[in-house]
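Input: a single structure, listed below in structure tokens.
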Amino acid sequence: MATTETAHRKFQLGLLIAVCCVVFFITDVAIPSCFDDAFPALVAMGILTAQLTVICVWGTLVRGTFWIRLPWTLLLLVISWCGIAWGITIEKGQANTDAMLGAGIVWTFGFVTSFVPLKIAAMGFRWQIVQGSDNDSNAIPNSRYAIRDVMTGTLLLALSMAIGRAMLPADDISFTRALQASDLDEPELLIAITIYGIVSLLVKLPCIWIALGEPNEKIKSWIGVWVAYCAILATLEFALLTAILGSSGGDSGEVFLGMLVSHQIMGAIMLAVCLSLRGMGYRLERSLPQNSVVSPG
């Protein structure tokens, strides 16, 4: 019975991962056509940020071997970037190496600004996503499995580099032009993205805790509180950006609405994914330090 239940949970998890990958990849291909106007651009940023967070949660909070989680995280990032690069090619009618590399720079910047805070939170609060049936957190890994994990991780890294290399031409690569294409060399845009990233972090962390850490009977009420909290954060973000960068004129209403919807969609995606994991028995728990284990006798 236990074996059947475990196999069923693995199937559910695999199905969830497959659905997320397909939906996110289709979204990645479509997103480059959404940056002509402020509102769709901000909504697209919310979806991309949620996707990055889901990938980073896998790399920082889910229990597992580092040599497996990090290469898988990088592979998912490369595949997502391929979807965005494909979308750029469709949008421009031809392959544009500078634009593709520029998107990769922005994607990497977004990953670092999502991964590092989540990793700090995971280490500081000792957060860890575990399955309800897991009770072997202090088990010592078998060296045979450790070697297998290192080999698997190395294969995944090689696959990531092979995909990245296949997407780019053998020559005519200029990181200076790519940085210009990413627009991250513009101080105003960099400030806006940084503030957006900080607010997004404040939006996302409660979603993870509500969906995976709170008791079932409190989830609905906390989601209601989060919706109001998210609206307040979006308002403060808009006010701060306006104070620093100035008003965007007639687009101010569209920008504010875009920020509000962007963060709400971002949180909704995080809640949907994390609640799905909760339905499979996963929970957010505080792991005990290894030196806190009491020896028998």
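The values are calculated or read from the model by the stated rules, or taken from the named source; none is laboratory data. All values reported here derive from a predicted model rather than from experimental measurement. Glycine gets a Cβ as well: all are built from the backbone with ideal geometry, and neighbour counts include every protein chain shown. Calculation scope for accessible area: heavy atoms of the full protein, side chains included, ligands and nucleic acids excluded. Shrake-Rupley method; radii C 1.70, N 1.55, O 1.52, S 1.80 Å.
Couple of notes before you dig in:
- Close pairs (6 angstrom Cβ cut-off, 6 or more residues apart or separate chains): touching a residue at least 12 places away in the same chain (Cβ under 8 Å) and under 28 Å from S80 (Cα atoms) in segment 1-28, open to solvent by less than 90 Å² (accessible area, probe 1.4 Å) and hydroxyl-bearing (S, T, Y) anywhere: L16/S276; D28/S80
- The requirement of being modelled with pLDDT under 90, in contact with a helix residue (DSSP H, G or I) (Cβ under 9 Å, 6 or more places away or on another chain) and crowded, with 22+ Cβ neighbours inside 10 Å is satisfied by G59.
- Boolean, G224 is modelled with pLDDT of 90 or more and out of contact with any Leu (no Cβ under 8 Å at 6 or more places or on another chain): yes
- L241 being in a helix (DSSP H, G or I), within 17 Å of A38 (Cα to Cα) and open to solvent by less than 50 Å² (accessible area, probe 1.4 Å): yes
- Qualifying residue in segment 202-216 (condition: in a helix (DSSP H, G or I), free of Cβ contacts under 8 Å to residues at least 24 places away in the same chain and farther than 21 Å from V273 by Cβ): no
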